[in-house]
Structures are given as C-alpha cells and as structure tokens.
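Shown next, in structure tokens, is the structure this report addresses.
The values are calculated or read from the model by the stated rules, or taken from the named source; none is laboratory data. Just so we're clear, the structure is a prediction, and the values are computed from it rather than from any experiment. Cβ atoms come from the backbone with ideal geometry, glycine included; neighbour counts cover every protein chain shown. Heads up: the accessible areas ignore ligands, DNA and RNA and are worked out on the full protein's heavy atoms, side chains in. Shrake-Rupley method; radii C 1.70, N 1.55, O 1.52, S 1.80 Å.
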Amino acid sequence: MTATAAKPNKLFRAVDVLLLVLAVLPLLAGIVIRILFYPATEGIDISGALIYFTLDTPIGPFPISESQVNSWLVMLTLFWLCLYLTHGITPEGGSRRQHLVEWAVEQVDRLVCENMGEYFAGFAPFIIAMMALSAFSSLLSLLGLHAPTSDINVVGGWALLVFFLITYFKMKCGPLQYLRSFTEPVPLLLPLNLISEVATPVSMAFRHYGNILSGAVISALLGAALTGLSKAILGGLPGILGDIPLLRVGVPAVLSIYFDVFSGLLQAFIFATLTMLYVAGGFPAELYARKKAAKSKKRR
Amino acid sequence: MLELAIGIILGGCALGAGVAMIAGVGPGIGEGNAVAKACEAIGRQPECKSAVTTTMLMGCAIAETTGLYALVIAILLIFVAPSNFINLLLNALK
C-alpha cells in the first residue's frame, strides 16, 4: 500500500460509518414495523402478506402490504450499500472493498457477455440489480421478516418486466416481423407459440415464488411441530422453563440454510440467467444485423 | 346439512391438494437423472466440476418447474380455496 492511500481521514471514516448505518437502518425498521403491526398468533401461522393499511385513491382502494414495504426497505438497503461499496474508489485501486466490487462487476460483465453476446453488454447493470434485489429479498426471511419474493405479486411484476423486455427486443425488426415469428416454422403452430409466449412470464414467476414460499411454509410447519413437541416433552419442567419451546432453538436453522440461503440465492441466479437467455434468445440477431447493414449501405 | 357440505368442501380441497402433489414424482425422477449424469461427467472429467455443477443446478431448477406448479395448486387448495368455496356456498344459501 502506498503512503497516500494508507491514511483515510476522519471525514471519510465518518461517511463510511454513516452509509453503513443507513444501510442497516431499513432492516431494523422492517423488524420494528413487523413487531408493531403483527398480531400475536398461536401455533401455525401461514398467511399471505399482512396488509398494513389501505390508501383510498380515486381509482380504488390501494392496499400497502408487507411485501411492498419490505421490498422498498430492501431497495433502500441496497442503495446505501452500493454507495458504501463505491465510496472512495480510486483509479489506482487500493481498498479491499474496491477489489470486491471490481471482481463482482467483472463477473457479471463476463456472465452477460457469455450468455447474451456483445450486443447486450449494456444489460449487466440491470442483471446485477435484479440478482441483488432478488437475493436480498429472499434473504430477508433470515431476519424473521416476510420475504417479498414469497408473494406472487412482487415476482409477477418482475416477470412482467422481463416479458416486456423480451417483446421489445423481439420487435426490434419491426412489428410485422414480430407477428410473423409466431407462425414459424409452420403456421399450424400458431396457438402453441402463443401459449409458450404467455407461459414464459408465468413459469418464471411461479418458479421463483414457489421455491421461496415452499421454504417459508415448511419452516412454519417445522416451527409449529417443534413447539408442540417441546410442550409435550418439556412441558412438565417447573416455572418458565416449561413455557419456552426449547426444542425450537437451533433445529430450524439447519433447514433455513437450505431453504432461505441456498434456495434464495439459487433462485436469484436462475431468474437472472433466464432473463438473459430469454431476452437474447428472442432477439433476431441475424436479421437485425442484415437490416442494419442494408440501411447503412442505402445512406451511403 | 350445512356441516356436511362444508365437510365435503374441506375434504375435497385436501384430497385435491394431495393428488396435485403426485406431480412431485416427475421432477424427482428427472432431477435424479440429471444428478446421476452430472456425477458421471465429473467422474470422467474432474476438471470440469464447477461448470458441470452450475449447469446441473440450472437444469434442476428448471426441471423443478412442473413440481412447483403442483405445489402452487396445492397451496391454493389448502389455504385459499376452502374459504372461497364456503363463502360461495353461504351466499348461495342466502
């Protein structure tokens, strides 16, 4: 390390700490909101997202649900985290943080270039944003919060966004070409092509949401079962010891490693990869290149 | 009579959820095949381990889709459908 990079001044440190605190704050706020709003329950509690309050808009009632609030909190956390990670980046490079960020950016750039080709190199920020949002949303259940990805509305919104992207890139050669692509390879396959067009966003949304929700349901069932078991076995213990579900300590964490951490991260990766594959696969690259070449010839 | 009708609704929903989850057989067999082939591939070419593992995980997650459709149907049948059907019944009786 050179002498110039070694001495971060006090202001730099203070901004660093402030950014980290701001990144953690939304998560704490999420826990506080949940404690304040959540009704006390006994036993199994498997319900959808809790609706905090309903806004009355001219169009109709607009419910603000737990998944909306939590996904905004995740976005805030990611925003401050990104500012923290990119704070104090220098062209010479130096801090460990900078190496980490550069490594991540290089990885995503490489992934996008491998899967989508050079034409789509600009997609890397979108892909990593989607990955980070999805991964952090799924990991939110580690804090005991409702993961926004276990709500079909959130994931369905992302899948719709991807669907619009796919359609936009399919229409790059004009709407006529897009309509004609449905009758390929033979016009007889038109209904099948239409169905598969609609099935893409549906399957993407269901895959992501089903994986996360099944983890949440199994965790809730296991928690309830362990509570009942410890009541039956340890209920005879004197005083407060009998009331605490001791068997619930630690055991669900093992399952949580698979369902929350592994499954959440894998689904984030898969959602991003499928986005890349579908967008790049729907784009008629050869035709577009030919048309572009013909156009530039005409201009000359 | 009403109790019987509600009982039939609840029983039908539970049975339907159970039958829907038979679809879990398909992804189980498919993913088992995928993992077996991946093991073979790694055994043959250990240097390709990371690439094979990544591809296998991707394929497994996609093969899981049909199972997840069944899961979604089962969850809907258990947690959402009974109350809707019972409300329908009560409205019809009014």
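Within the stretch A:224-243, restricting attention to residues that are free of Cβ contacts under 8 Å to residues at least 40 places away in the same chain and open to solvent by less than 30 Å² (accessible area, probe 1.4 Å), which residue is farthest from the other protein chains (Cβ to nearest Cβ)?
A:G242
Could you name every one of the helices (runs of 4 or more DSSP H) located completely within the stretch A:99-209 that has at least 2 residues being over 14 Å from A:V279 (Cα atoms) and open to solvent by 70 Å² or more (accessible area, probe 1.4 Å)?
The helices (runs of 4 or more DSSP H) meeting that bar are A:124-139, A:175-180.
Of all residues in the stretch B:66-94 being more than 13 Å from chain A (Cβ to nearest Cβ) and without any contact (Cβ under 8 Å) to a residue 24 or more places away in the chain, which is nearest to the chain's Cα centre (by Cα)?
In this case the residue turns out to be B:N84.
May I ask you to list the residues in the stretch A:253-300 that are farther than 27 Å from A:F164 by Cβ, open to solvent by 60 Å² or more (accessible area, probe 1.4 Å) and within 14 Å of another protein chain (Cβ to nearest Cβ)?
If the condition is that a residue be farther than 27 Å from A:F164 by Cβ, open to solvent by 60 Å² or more (accessible area, probe 1.4 Å) and within 14 Å of another protein chain (Cβ to nearest Cβ), then A:Y258, A:F262 are the ones that fit.
A:G250 is checked against (1) open to solvent by less than 60 Å² (accessible area, probe 1.4 Å); (2) at pLDDT 85 or above and fails just one. What number does that condition carry?
(2) is the only condition that A:G250 fails.
Criterion first (in a helix (DSSP H, G or I) and modelled with pLDDT under 90) does B:A51 satisfy it?
yes
Quickly run through the stretch B:43-65 and pick out the residues that are within 14 Å of chain A (Cβ to nearest Cβ), open to solvent by 60 Å² or more (accessible area, probe 1.4 Å) and among the polar types (S, T, N, Q).
B:S50, B:T54, B:T55
Just wondering, is there one or more residues in the stretch A:260-269 that are over 15 Å from the mean Cα position of the chain (by Cα) and closer than 30 Å to A:A129 by Cα? Before you say what the answer is, go through the steps one by one.
Kept after step one, since they are over 15 Å from the mean Cα position of the chain (by Cα), are these residues of the stretch A:260-269: none.
No, the conditions are met nowhere in the stretch A:260-269.
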